[in-house]
1. How far apart, in nm, are the 7 Å Cα→Cβ label points at B:Arg214 and B:Gln84?
2. Could you give, in nm with one decimal, how far A:Asp62 is from each other copy of that position, shortest first, with labels 7 Å out from Cα toward Cβ?
3. As I understand it, the value is the acute angle between the Cα axis of helix A:141-157 and the longest principal axis of the Cα atoms of chain A; what does it come to in degrees, rounded to 10?
4. Other chains near B:51-61: what is the mean number of their Cβ atoms within 10 Å of each residue's Cβ?
5. Which chain B residue puts its Cβ closest to the axis that rotates B onto A, and at what distance in whole Å?
6. In deg cm²/dmol, rounded to 500, what helix-only [θ] at 222 nm does the protein assembly as shown give when every DSSP H run of at least 4 residues adds -39500 (n - 2.57) and the total is split over its residues?
7. Rounded to two decimals, what is the ratio between the C-alpha radius of gyration of the protein assembly as shown and 2.2 N^0.38 Å?
8. If each residue's Cβ is checked for other Cβ atoms within 10 Å, how do A:His93, B:His95 rank with the fewest at the top?
There are 2 protein chains.
Amino acid sequence: MSDPTPQTDGVTEPLSPAAAELVGLLAYAELTAFERLAEDASQSPELADRIQLAGLAATQIDHFRMLYDRLAAAGVDPMAAMQQFRAAFDDFHAHTAPRDWLESLVKAYVGDGLAADFYREVADGAEPGVADLVRTVSDDQLYRDLAVSRLTAAIQADPAVAGRLALWARRLVGEALSQAQRVASDHEALAELLTGSTDRPGRDLAELSAMFTRLVTRHNERMRTVGLRT
Amino acid sequence: MSDPTPQTDGVTEPLSPAAAELVGLLAYAELTAFERLAEDASQSPELADRIQLAGLAATQIDHFRMLYDRLAAAGVDPMAAMQQFRAAFDDFHAHTAPRDWLESLVKAYVGDGLAADFYREVADGAEPGVADLVRTVSDDQLYRDLAVSRLTAAIQADPAVAGRLALWARRLVGEALSQAQRVASDHEALAELLTGSTDRPGRDLAELSAMFTRLVTRHNERMRTVGLRT
């Protein structure tokens, strides 16, 4: 990562065009996740939470480096690979700026949780090495534990916030789906990881529908876990 | 760092009260440095700068962990050790919120540069292991290279910004000195690392004066390097 020039002459681990798009998307996602966690860290009222969130943010940079280096190892320009997803992520974040600490927690817990589930589903269609990398960087267990504990406590202390946060979660999901739609229609190779292409069979309609059902089920579980209505 | 409870029963590396204060101060300084670099990363116009600043921010967390673990190894509660410096740092940052990307760069380059020089001077009075730790976490070479390149380019492109940034740098130094004064008067043990105590000889007045001259000389060099008047 220290040298931003891609090493096209020493390609050791090629990536399919679809996998390169997926890794580029995830790299940009990790960079924005870092920035949001760091921002949350600085906003959190408790010193212990600030420290924990700062540590989690640093982990995103470790993940980012793995993805960046994977692109470079394939002779792909990491900057260009990320740049094509910048507008979708930046628009998502611009439309979902949290107004307080609890909204930040819900955004990362619900939004990143849904995104991580989705990336793992997409990765199932990619080459094996890439699928493993995606699973590694999509592991959000540490954040989930923190968010569940803080959100549960906040909602128990003041049940009235649950309504506002449930509405907020719905808005997040709506924005996320709208940006996912945009990414899919602009990036054919990436979309084909989900739907298959003419020369590679993908999921049929029944499988796609089953996948969305899994995503919704896990989302609803996350909501219930912290006491939010779906 | 994963366990926030200090391990008082396995003390392997004791710290003098003054060294514990110094390490606690630096730990809190690194945490706030992380938060500011991460904020600067998210504000920087170029993707390449965002990535580099995010990486530098993550380095501050590595430093933070070294300091946190050093306190815990000495049986000192890291949270309490940091907490006592929170007001001074938070007030400094509240009084010196940068209005744009260039002011952020100057703040980190000039402010952190001066602070790092000062910490290294203080460390000379501490026990050898602590002095080495302070020098490791105070190494700001990577940030300096980035700041010098961006500030020099910005001032060459628009010489009019130099006046505003020079004024801004003076305000930063004034605020830093005022908070340093406050920390010194509230923390006798720490101050004695500079001035000595009744049972340990420290710097005499001539040495203290020579130290301030060194700090000012290095500050002026930093300003000149990027084309700012002192």
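Rule-based calculations on the coordinates, nothing more; no lab input. Bear in mind the structure is a predicted one, so any value in this text is a computation, not a measurement. Quick reminder, even Gly has a Cβ in these numbers, built from the backbone with ideal geometry, and neighbours come from all protein chains shown.
1. Spacing of the two 7 Å Cα→Cβ label points: 2.5 nm.
2. Copy-to-copy label distances for A:Asp62: 1.2 nm.
3. With rounding to tens, the tilt is 20 degrees.
4. 6
5. B:Ala38, 2
6. About -24000 deg cm²/dmol.
7. Normalised Rg, Cα atoms only: 1.09.
8. B:His95, A:His93
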